[in-house]
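Heads up, the thing below is written out as structure tokens.
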Amino acid sequence: MTMSTVEEMKQLGFTGAEAQVYIFLLQHPLSTGYEISKGAGLPRANTYQALETLTAKERVNAVSADPVRYAPVPPGRLLKRIEEETTRRCQSLEQQLTALERPDGVGHFWELNEYSRIEARLRELITLAQHRIAASLWAEDLDRLSDVLQAARDRGCTVILNLFGEASADYAMIYQHEGPEKVVGGHVIALAIDFKEALVASLDEPATGVVTQNRTMVRVVEKFIRDEAYLAAIYERLSPELEATFGPHMVNLRRSLLPTEDAEQLVAITTLGSQPINLPSNLNISMREAFHLGEE
């Protein structure tokens, strides 16, 4: 017997004496209370109290009358029963606590300051989604999230992606955008699930992000993602007319709405094609640009 095993069993609702009695019976089935007390080194009163409780909880069975001998319920069956009981208890408690909850109606914001935390939260939100996932991602982000996105689609979620760069995702509705080398505003991503929770992050160093359930901000992020999808679909169909009116990549329209530095970079990108350019990390610029261009 190891103390770590006893401690683990205590986390599942056993007392220390109950855990020791159960473990002893696994090793010495059909023992009497006296034999258990002596073999486990427990006071006789504690042993019989533990046996009474274990029997009532159907964790051990009395298999003879005179003398009374005990046998443990097999571990697999016992732990499965505990798992099912715990699940039912948690579901019931969730309903009770939810009924008592008084939402503040505002929602909170959680700041994420490391890339590892941002990615972990992205994966968590995608895993929690029940109906709909909408996101704006770069191709390199999709490579790291494809497993949880695929699993979400498999369980019935609609997956909508604005994708910057080339990548395949047959489990999603894809709205294709320019490659990352042509993006002005840095490596910004956005995710919204079920119209209830959203994450926005800038992944340029130092990576920063925000998660919120605030209704207004979730709607803003949803609109940001939708507007990017609208733009991609419109540009795909009408790019000759748009570029004839506003210039390559609609530079004449876009630069009038950008800060001077970003406008200069946009002109450089348009002039030099797809040559890599060091882009600044600025979440507000990227979102503001998208909102103005797709304002409803």
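Among the residues of the range 1-53, write down those that are of a type in the set (D, E, K, R) and open to solvent by less than 20 Å² (accessible area, probe 1.4 Å).
Initial filter on the range 1-53 (of a type in the set (D, E, K, R)): 7-8, 10, 18, 35, 38, 44, 52.
Of everything in the range 1-53, just one residue is of a type in the set (D, E, K, R) and open to solvent by less than 20 Å² (accessible area, probe 1.4 Å), namely Glu18.
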Practice task
Scan the range 164-176 and report the pairs whose first residue is on the phi > 0 side of the Ramachandran plot and whose second residue is aliphatic (A, V, I, L, M), with Cβ atoms within less than 7 Å and a gap of 6+ or a chain change.
Solution key: Gly165/Ala139
Problem - Considering residues of the range 161-176 that are under 17 Å from Val221 (Cβ atoms) and not hydrophobic (A, V, I, L, M, F, W, C) only, the residue most open to solvent (accessible area, probe 1.4 Å) - result: Tyr175
Practice task
Identify, by number, the condition in (1) open to solvent by 40 Å² or more (accessible area, probe 1.4 Å); (2) modelled with pLDDT of 80 or more; (3) in contact with a His (Cβ under 6 Å, 6 or more places away or on another chain) that Asp194 doesn't meet.
Solution key: (1)
Exercise for the section: Would you mention how many residues in the range 15-28 are in contact (Cβ under 8 Å) with a residue 40 or more places away in the chain and not in a helix (DSSP H, G or I)? Expected result: 0
Exercise for the section: Look at Gly179 and say whether it is open to solvent by less than 10 Å² (accessible area, probe 1.4 Å), touching a residue at least 24 places away in the same chain (Cβ under 8 Å) and over 19 Å from the mean Cα position of the chain (by Cα). Expected result: no
Exercise for the section: Could you tell me which residue of the range 211-246 is surrounded by the most Cβ atoms within 10 Å (Cβ to Cβ), considering only residues that are of a type in the set (Gly, Ala, Ser) and either without any contact (Cβ under 8 Å) to a residue 40 or more places away in the chain or touching a His at 6+ places or on another chain (Cβ under 9 Å) (or both)? Expected result: Ala232
Fill in the blank from the handout: Taking the range 116-137 and the residues there that are of a type outside the set (Val, Ile, Thr) and touching a Cys at 6+ places or on another chain (Cβ under 9 Å), the one that is surrounded by the most Cβ atoms within 10 Å (Cβ to Cβ) would be Ala129
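Being touching a His at 6+ places or on another chain (Cβ under 9 Å) and of a type in the set (A, V, I, L, M): is that true of Ile36 here? Give the steps one after another, and end with the answer.
Details: touching a His at 6+ places or on another chain (Cβ under 9 Å): yes; of a type in the set (A, V, I, L, M): yes.
Criteria met by Ile36.
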Handout entry: Residue pairs meeting the criteria (Cβ under 8 Å; at least 6 apart or on separate chains; first without any contact (Cβ under 8 Å) to a residue 40 or more places away in the chain and within 10 Å of Val21 (Cβ to Cβ), in the range 31-60; second open to solvent by less than 70 Å² (accessible area, probe 1.4 Å) and among the acidic types (Asp, Glu))
Key = Ala50/Glu18; Thr53/Glu18; Leu54/Glu18
Fill in the blank from the handout: Val188 meets each of (1) closer than 20 Å to Leu122 by Cα; (2) open to solvent by 20 Å² or more (accessible area, probe 1.4 Å); (3) aliphatic (A, V, I, L, M) with one exception, condition (2)
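Which of the residues that make up the range 138-160 are open to solvent by less than 50 Å² (accessible area, probe 1.4 Å) and charged (D, E, K, R)?
Result: Asp141, single match.
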Problem - Candidate set from the range 28-84 (those that are aromatic (Phe, Trp, Tyr) and under 48 Å from the mean Cα position of the chain (by Cα)); member that is farthest from Thr15 (Cα to Cα) - result: Tyr70
Handout entry: First in the range 108-119 and touching a residue at least 60 places away in the same chain (Cβ under 8 Å), second anywhere and of a type in the set (Phe, Trp, Tyr), Cβ under 6 Å, 6 or more apart
Key = none
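The values are calculated or read from the model by the stated rules, or taken from the named source; none is laboratory data. This is a predicted model, so every value here is computed, not measured. Glycine gets a Cβ as well: all are built from the backbone with ideal geometry, and neighbour counts include every protein chain shown. When the accessible area is computed, the model is the full protein with side chains, heavy atoms only, and any ligands, DNA or RNA have been set aside. Shrake-Rupley method; radii C 1.70, N 1.55, O 1.52, S 1.80 Å.
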